[in-house]
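The structure under discussion appears below in the form of structure tokens.
The values are calculated or read from the model by the stated rules, or taken from the named source; none is laboratory data. A quick note: this is a predicted structure, and the numbers were derived from the prediction, not measured. For the accessible areas, the whole protein counts, side chains as well, though only heavy atoms, and no ligand, DNA or RNA atoms are used. Shrake-Rupley method; radii C 1.70, N 1.55, O 1.52, S 1.80 Å.
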Amino acid sequence: MIPVTAALACLFTAAALTGCGAGDGGAEKSAAELLDEANDTMRDLRYVTIEMTNTAGSGKVTMRLRTDLKDRCTAKTTWGDKGSLEQIRIGETDYVRPDETYLENWRGRPVADVRPKQWAKVPADEAQPGDGLAACTWPFASFGKVKKGEATRVGDRETIALHVTDKADKEGTYTFYVATEGEPHLLKTVYKGGGNVTTTSFSAFDEPVDVRPPASAQVLDKADIRADARMSRTPHLPARRTPCRGGRSGP
């Protein structure tokens, strides 16, 4: 998603924890074994949908990412009542479309000089922390100390909750809900700490994602955006920004 620090990578991606076969709730496997098994399962996926909600104080950020876990994905990030940003990433190119509220709050940035309903075409490697742009990749890696929790349901699937603590984040607590029937998918994570509550859900496992560029008539190239911006930019106050854990921020 959006560039993240190591701590946020743990929050959204780490510890794909899992149960055993259907019905045993992971009783015969250690927490470390469940963790490793789920990491393997999630890394083997070809497609996945990821939905994240982060609340910090009165601020709220939501993100929905549909990805091939390589270099083709679509994303939409919304900063409460501060606007939203749509993104299509294909290889080394981002197509980005802000809504009118986003434009009002992000005036002065290149993408904010795009008109409503237009897409900005920009190099993917120019994405910066705080821009609200997502990466298509999503590392699934073990971290911290894992302890088994209660059996519960997430949607229509039986899961086991696994609780993780990590020395790198002494204030944070992580709970991972892992399927114990069918494939050992990670279905949901919940992080609490530092004034943040972040819930991340995983679904649509291996359902193909059709990612295509927008119609050329709706696209402005970065060079054209910057030229227009030099002609039309007016003074403005700095936009309000709501911090999101790991260096992300919104308008």
Please turn the phi angles of segment 207-221 into ³J(HN,Hα) values with the Karplus equation 6.51 cos²θ - 1.76 cosθ + 1.60 (θ = phi - 60°), one per residue in order, whole Hz, x for glycine and proline. 7, x, 10, 8, 10, 10, x, x, 4, 4, 5, 9, 10, 10, 6
Per residue accessible area in Å² of segment 50-174, where ligands, DNA and RNA are left out and the probe is 1.4 Å: 50 Å²
My understanding is that a pair violates if its Cα-Cα distance is over 22 Å; which of LYS60/LYS222; LYS29/LYS70; LYS60/LYS167; LYS76/LYS167; LYS147/LYS192; LYS148/LYS170 do that in this structure? LYS60/LYS222; LYS29/LYS70; LYS60/LYS167; LYS76/LYS167
Which order do LYS148, LYS82, LYS70, LYS170 take by accessible area at a 1.4 Å probe, largest first? LYS170, LYS70, LYS148, LYS82
Listed residues LYS121, LYS222 arranged by accessible area, highest first, probe 1.4 Å: LYS121, LYS222
THR152 accessible area, 1.4 Å probe, all protein chains in place, Å² to nearest 10: 50 Å²
Under a 1.4 Å probe, counting only protein heavy atoms, ASP81 has an accessible area in Å², nearest 10, of 120 Å²
If you count only protein heavy atoms and use a 1.4 Å probe, how large is the accessible surface of TRP119, to the nearest 10 Å²? 20 Å²
Length gained if GLU171 through ASP71 is fully extended, taking 0.36 nm per residue and subtracting the Cα-Cα distance, is 32.7 nm
